[in-house]
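Have a look at the structure below before the remarks.
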Amino acid sequence: MLERSGIPEQAQIDCVFPAEERLEKGPVAVIECFEKIPCNPCAQSCPKSAILPFVDINDRPVIDDELCVGCNACIKKCPGLAIMVVEYSGEKALIKLPHEFKPLPEKGQIVNALNRAGEPVSDAEVVRVIAGKVSVVSIAVDRHLIKTVRGFSFKEKPEIPEKNMGNLELNNTNELDGIVCRCNDLTLGDIRKMISDGYTTIDELKQLARVGMGPCQGRSCIPIILGELSRYLETPIKDLLPTNFRPVVTSVKLSDLAEHDEERTSV
Amino acid sequence: MKNAADIVIIGGGISGVAIGYFLLKYGAKNVVILERDFLGAGATGKCGAGIRQQWGASINCIMTKFSCEFFENAAEELGCGDVDFHQGGYMLLISTEKELEQTKKNIVLQNSLGIESVLLSPQEAGEMVPLLDTSKILAATFHRKDGFLSPFKTTQAFAKAFERLGGTIYKATNVTGIDVTNGRVTAVKTDKGTISTNIVMNAAGGYAQQIAKMVDAKLPLYSERHNILVTEQLERTLSPMLMSFSLNLYMQQAPSGGFIMGRTCANQPRDLRVTADSNFPVEMARTVTNLLPKLGQLRMLRQWAGLYNMSPDKSPVYDEVPETKGFYVAAGYSGHGFMLAPATGQAMAEIILGLSPTLPWDKLGLSRFSSGNLIVEPSVV
Ligand SMILES: Cc1cc2nc3c(=O)[nH]c(=O)nc-3n(C[C@H](O)[C@H](O)[C@H](O)COP(=O)(O)OP(=O)(O)OC[C@H]3O[C@@H](n4cnc5c(N)ncnc54)[C@H](O)[C@@H]3O)c2cc1C
């Protein structure tokens, strides 16, 4: 199951996949966001307002397939890379995937199409590459694989670019432009500058740049920043001062809090 | 680490960096700030950073007016970036007859000191703050030059100006002891080494009484936890700071759009704990939804807490500790040490460097607690 393996079950996929008639009509986004987390950049990214407004920041996104035009905007905004756009094209299905690694594949290249467990299921042709902070790679597979394919891998191990820094998006010509904190739009360059200015704890970076205080509550940025601090201070991550995680666990309406009637218990 | 300094300041909160800056501004040399964690790690980084000049004791009016004028020109004077002074005014909400009577006196005093506060009817208050349920108040006062700042940026701006004038800051440096020889301080011991000095400035905020113990001085100070929370972000609709003594709340809408709010809760620990009080959000929510019902729709995102360092009359202590030559203290600000910081810096520089007083700090010495000449401030939390 998803919680254990990280792989969604078929029933979950069916729930978020557009109906067959909608797929026939043209490109459409599929959002495989199965966990309630405080994150909403997708809802704000859609130029057609097809991703319905969140009532609670912890809501899971709901997409109105009829409004969605498959423009790819949300693909690039999802910190969890949970969104793709799919489309039928003749005998083929096009799967448009977010891609944050270097190198980028080339148009016309044959790659392995992978299922959600990361296993190769067929060959695929790269039909389009839109390079960006998050690149979008379109691959063509057989029609019947539209619900199966969720990734790709190179046929041969590509040459790794010189400076490889783990999970940072490296498809930028200038790695310092790579976004570390999506909630507050901070680049790796911004973070390195602050660290070299002497702000060498997560708490200082939080206060001054608000890292970790946006909708993702640090899930995307803090691990990268800890890596940067560890490298700069030459200290293992486990020895860095932990930041405070503050209550509440999930956001609560003030009116609901006001109605809470329990005896005062603790100090 | 340096092994000697003319003056060692303990604590890198807003008080420590402001005192450091003013000392150098008035000609002191070789001043060091020692901070256990990082700048703003104490109350300064937890606070609402509101500033009001609407007080009931002239000394507080004078000192906050000095501070306000400093903040207005801080970018220029410190030359180190913006302090984000949002001068949207401060509205004090009044809900009892007794409070109204006192407020009227306060306004006369404030106006006589050049503070242009005004009394508003509930309707006028409601026009300024449409979120307000005006049936809950009798009146309000407003002063347009009050407001709030970014505590982080203000601290950094002072610190950078301090360093530019030649001061030295050691972060992650814990003071563990103070040497006293023949009734005079001689050195400060830290986990990173010892600095010999004849002047120690205790600006340790909620920990000031602990630092004082290092020279066997007992200060009439204690620290109390105060809670605060922030909601999700909303388009900016609230410009002034809001506060009410009788209804027990203060609130601001931060530039990011979140509403930051706090109140004084009963039975708070005084053992330097800053853990979150699980009852606070409920009490806060009741208070705020009573007065600004529409905010009930907003969700709370986070809560945290910090220490108020309290003196018997809730006013600061600026003094040299009589038994120990060279050991100075600036603490006990209750809930308004941030807004006082420029005045704190100016006052302590005058005291330590023996300059003639431009602020009435002579009334804020330790002797007032034995002589009984306490500051009588009716409008303080
Ligand atoms: C919730 C809350 C809201 C507030 N709102 C406002 C407001 O709106 N307006 C206002 O004016 N004031 C407000 N205050 C009060 C204000 O925050 C404080 O009065 C002010 O920040 C005190 O600054 P300080 O520099 O004296 O102390 P602190 O900021 O606490 O700094 C003391 C520093 O000393 C360091 N230290 C302690 N022990 C040692 C040691 N042994 N060695 C080295 N360093 C040490 C600490 O790490 C700390 O950084 C609020 C306070 C709280 C808690």
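The values are calculated or read from the model by the stated rules, or taken from the named source; none is laboratory data. Computed from a prediction, not measured in an experiment: that's the story for all the values here. FYI the Cβ positions are ideal-geometry reconstructions off the backbone, even for glycines, and counts take in every protein chain you see. Protein only, heavy atoms only, side chains kept; ligands, DNA and RNA dropped before computing areas. Shrake-Rupley method; radii C 1.70, N 1.55, O 1.52, S 1.80 Å.
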I'd like to check something: does the range B:310-323 contain any residue that is farther than 19 Å from B:Ser223 by Cα, open to solvent by less than 30 Å² (accessible area, probe 1.4 Å) and within 12 Å of the ligand (Cβ to nearest atom)?
no
Being in a loop (DSSP other than H, G, I, E, B) and either under 26 Å from B:Gly206 (Cα atoms) or more than 16 Å from the ligand (Cβ to nearest atom) (or both) narrows B:Phe38, B:Phe22 down to just B:Phe38
Check whether at least one residue in the range B:328-349 is part of a strand (DSSP E or B), over 23 Å from the mean Cα position of the chain (by Cα) and within 26 Å of B:Ala187 (Cα to Cα), and report yes or no. no
Residue count, the range B:250-263, condition outside any strand (DSSP E or B), surrounded by fewer than 21 Cβ atoms within 10 Å (Cβ to Cβ) and not polar (S, T, N, Q), comes to 3
Among residues of the range B:129-148 being in a loop (DSSP other than H, G, I, E, B) and among the basic types (Lys, Arg), the residue farthest from the ligand (Cβ to nearest atom) is B:Arg144
- prompt: Does the range A:41-48 contain any residue that is closer than 27 Å to A:Ser5 by Cβ and within 16 Å of the chain's Cα centre (by Cα)?
  reply: yes
Over the range B:289-311, the set of residues within 16 Å of the chain's Cα centre (by Cα) and either away from chain A (no Cβ under 14 Å) or outside any strand (DSSP E or B) (or both) is B:Leu307, B:Tyr308, B:Asn309, B:Met310, B:Ser311
Of the conditions (1) open to solvent by 60 Å² or more (accessible area, probe 1.4 Å); (2) under 23 Å from A:Val180 (Cα atoms); (3) at pLDDT 95 or above, the single one that A:Pro98 does not satisfy is (1)
By residue number, the members of the range B:108-134 that are more than 22 Å from B:Thr64 (Cβ to Cβ) and open to solvent by 60 Å² or more (accessible area, probe 1.4 Å) are B:Gln123, B:Glu124, B:Glu127, B:Pro130
If we ask which residues in the range B:287-300 are away from the ligand (no atom under 16 Å from the Cβ) and crowded, with 17+ Cβ neighbours inside 10 Å, their number turns out to be 7
- Test: residue in the range B:90-107 that is in contact (Cβ under 8 Å) with a residue 12 or more places away in the chain, in contact with a Phe, Trp or Tyr (Cβ under 7 Å, 6 or more places away or on another chain), part of a strand (DSSP E or B) and open to solvent by 20 Å² or more (accessible area, probe 1.4 Å): no
A careful count of residues in the range B:221-238 that are open to solvent by 50 Å² or more (accessible area, probe 1.4 Å) and touching a helix residue (DSSP H, G or I) at 6+ places or on another chain (Cβ under 8 Å) gives 1
Apart from one, (1) of a type outside the set (Gly, Ala, Ser); (2) open to solvent by 30 Å² or more (accessible area, probe 1.4 Å); (3) in contact (Cβ under 8 Å) with a residue 12 or more places away in the chain all hold for A:Asp56; the odd one out is (2)
Within the range B:350-368, the residues that are assigned to a helix (DSSP H, G or I), over 23 Å from B:Leu109 (Cβ atoms) and open to solvent by less than 50 Å² (accessible area, probe 1.4 Å) are B:Glu350, B:Ile351, B:Ile352
The residue that is most open to solvent (accessible area, probe 1.4 Å), considering only those in the range B:205-218 that are in a loop (DSSP other than H, G, I, E, B) and closer than 24 Å to B:Asn3 by Cβ, is B:Met214
Of the residues in the range A:177-189 that are outside any strand (DSSP E or B) and under 15 Å from A:Gly227 (Cα atoms), the one that is nearest to the other protein chains (Cβ to nearest Cβ) is A:Gly189
Among residues of the range A:225-241 being modelled with pLDDT under 90 and in contact with a helix residue (DSSP H, G or I) (Cβ under 8 Å, 6 or more places away or on another chain), the residue nearest to the other protein chains (Cβ to nearest Cβ) is A:Leu241
Restricting attention to the range B:337-380, the residues that are in contact with a Lys or Arg (Cβ under 8 Å, 6 or more places away or on another chain) and within 16 Å of the ligand (Cβ to nearest atom) number exactly 5
Scanning the range B:324-338 residue by residue, the ones that are more than 22 Å from B:Gly147 (Cα to Cα) and open to solvent by 30 Å² or more (accessible area, probe 1.4 Å) total 1
Flagged pairs (Cβ under 6 angstrom, 6 or more apart or on separate chains; first in the range A:246-259, more than 7 Å from chain B (Cβ to nearest Cβ); second polar (S, T, N, Q)) are A:Thr250/A:Asn58
The condition of being surrounded by fewer than 18 Cβ atoms within 10 Å (Cβ to Cβ) and of a type in the set (Val, Ile, Thr) holds, among A:Ile83, A:Ile51, A:Ile110, only for A:Ile110
Taking the range B:29-59 and the residues there that are of a type outside the set (A, V, I, L, M) and open to solvent by 30 Å² or more (accessible area, probe 1.4 Å), the one that is nearest to the other protein chains (Cβ to nearest Cβ) would be B:Asp37
Pairs returned, first residue in the range B:217-234 that is closer than 12 Å to B:Leu301 by Cβ, second residue that is assigned to a loop (DSSP other than H, G, I, E, B) and open to solvent by 20 Å² or more (accessible area, probe 1.4 Å), beta-carbon separation under 7 angstrom, 6 or more apart or interchain, are B:Glu232/A:Ile57; B:Gln233/B:Ser256
Any residue that is open to solvent by less than 60 Å² (accessible area, probe 1.4 Å), in a strand (DSSP E or B) and at pLDDT 95 or above - is there at least one of those in the range B:264-286?
no
